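**Student:** The following block contains the structure, expressed as structure tokens.
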Amino acid sequence: MKKVNFLAFVGCFLIGFALQAQDQYAFRVLANKGANEVKSGNAWQPLKTGAQLKKTDELKVSENASVGLVSYKGKPMELKEAKVYKVADLLEKAGVTASVLNKYTDFILSSNSAEAKKNRLSATGAVHRGLDDIKVFLPENQYAEIYNNIVIVNWQATKGSAPFVVSMKNMFDEELAQIETSEKTAQIDLSDPKLANETAVLIEVHSKGDSKSKSEQHLIKRLSANRYEAVKADLKNTELNEETAFNKYLLAGFYEENKLLIDAITCYEQAIKMDPENPTYKEGYEEFLLRNKLKSLK
């Protein structure tokens with residue numbers, strides 16, 4: 001009798017496991033540009049960011065559109081050719097090699113969900129800085145660490161006009177380098193010989209025509225050797241080596257989850273520059289700035 005009960009238990013377990021595997025998603029939609037559609041069953045429906053695609057589904061990518069996917073194993077894939085794809089074929093192409101990327105795609109989707117936006121809007125106790133004439137979109141000093149050498153700095157000015165001067169100073173407030181620009185953005189390369197030997201740099205922006213119209217100083221600090229190697233090892237397992245807008249978007253989530261907000265900013269900026277018509281990247285960047293209190297709602 002016990003043997004019969006045990007076999008029945010095993011049978012139920014295997015049936016449940018088979019049903020669970022059947023319902024397992026194949027891909028999640030992380031980026032969506034254009035009038036793309038998904039077919040589950042007999043009907044085509046508009047594709048939505050965050051949707052889960054099953055192995056039996058079909059995906060239709062429209063003209064001048066694209067879809068960014070991540071498989072259940074964490075393999076990223078971007079589709080740009082206008083045609084109908086069978087998800088089963090895409091899954092076979094993705095392979096079965098596991099990646100740590102899934103952990104970060106979960107973070108990206110949850111951070112940009114409707115519930116996350118609702119919670120952000122109802123949150124209180126936001127940190128507000130002084131009313132700077134020039135507001136630089138860089139984080140507070142506790143999040144000043146950076147993994148990469150390239151830093152993209154943006155700002156808005158309530159007083160003072162272009163051209164603007166971005167000053168880079170050491171911790172003794174001695175100027176190391178300057179960038180002059182007519183835009184409200186600048187790219188800093190920490191591998192520049194003037195900055196390469198500095199473990200920390202202070203950034204300040206002011207109007208060239210009115211030096212009193214300036215921003216607060218913001219710290220940019222290189223990672224310690226141990227943390228740098230830890231991030232490097234984790235990053236290696238994400239399979240995001242190819243220079244694409246979708247990969248930059250995914251990397252932004254990776255860096256944010258690791259509290260490397262300056263690196264995340266740079267990745268968002270690069271993604272938008274590579275694919276300026278993709279609403280996913282612009283909306284994701286705006287939400288990133290708001291939830292990390294780098295920008296406030298007007």
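**Student:** As an exercise: evaluate residue 226 against (1) within 27 Å of the chain's Cα centre (by Cα); (2) in a strand (DSSP E or B); (3) of a type in the set (S, T, N, Q) and give the number of the one condition it does not meet.
**Tutor:** The one condition residue 226 does not meet is (2).
**Student:** Got a sec? Which of 61, 70 is touching a helix residue (DSSP H, G or I) at 6+ places or on another chain (Cβ under 9 Å) and either among the small types (Gly, Ala, Ser) or modelled with pLDDT of 95 or more (or both)?
**Tutor:** 70
**Student:** From (1) assigned to a loop (DSSP other than H, G, I, E, B); (2) under 30 Å from residue 94 (Cβ atoms); (3) among the polar types (S, T, N, Q), pick out the condition that doesn't hold for residue 247.
**Tutor:** Just one mismatch for residue 247, condition (1).
**Student:** Check off (1) touching a Pro at 6+ places or on another chain (Cβ under 8 Å); (2) in a helix (DSSP H, G or I) for residue 239 and give me the number that stays unchecked.
**Tutor:** Among (1) touching a Pro at 6+ places or on another chain (Cβ under 8 Å); (2) in a helix (DSSP H, G or I), the lone unmet condition for residue 239 is (2).
**Student:** Considering only the stretch 250-284, state which residues are in a loop (DSSP other than H, G, I, E, B) and aliphatic (A, V, I, L, M).
**Tutor:** If the condition is that a residue be in a loop (DSSP other than H, G, I, E, B) and aliphatic (A, V, I, L, M), then 260 is the only one that fits.
**Student:** Could I ask something else about it? Need at least 2 residues that are loosely packed, with under 14 Cβ neighbours inside 10 Å per element, so show me which strands (runs of 3 or more DSSP E) inside the stretch 64-106 make the cut, counting only ones lying wholly within it.
**Tutor:** Output list reads 83-86.
**Student:** Any idea which residue in the stretch 45-55 is farthest from the chain's Cα centre (by Cα), counting only those that are surrounded by 14 or more Cβ atoms within 10 Å (Cβ to Cβ) and outside any loop (DSSP other than H, G, I, E, B)?
**Tutor:** It comes out as 54.
**Student:** Identify the single condition in (1) buried (at least 18 other Cβ atoms within 10 Å of the Cβ); (2) free of Cβ contacts under 8 Å to residues at least 12 places away in the same chain that residue 154 does not satisfy, given that it satisfies every other one.
**Tutor:** Just one mismatch for residue 154, condition (2).
**Student:** So which of 202, 176 ends up being more than 30 Å from residue 74 (Cβ to Cβ), more than 22 Å from the chain's Cα centre (by Cα) and surrounded by fewer than 19 Cβ atoms within 10 Å (Cβ to Cβ)?
**Tutor:** Numbers: 202 fails: surrounded by fewer than 19 Cβ atoms within 10 Å (Cβ to Cβ).
Only one candidate qualifies: 176.
The values are calculated or read from the model by the stated rules, or taken from the named source; none is laboratory data. Being a predicted model, the structure only gives us computed values, none of them experimental. Reconstructed Cβ throughout: ideal geometry from the backbone, glycine too, with neighbour counts over all protein chains shown.
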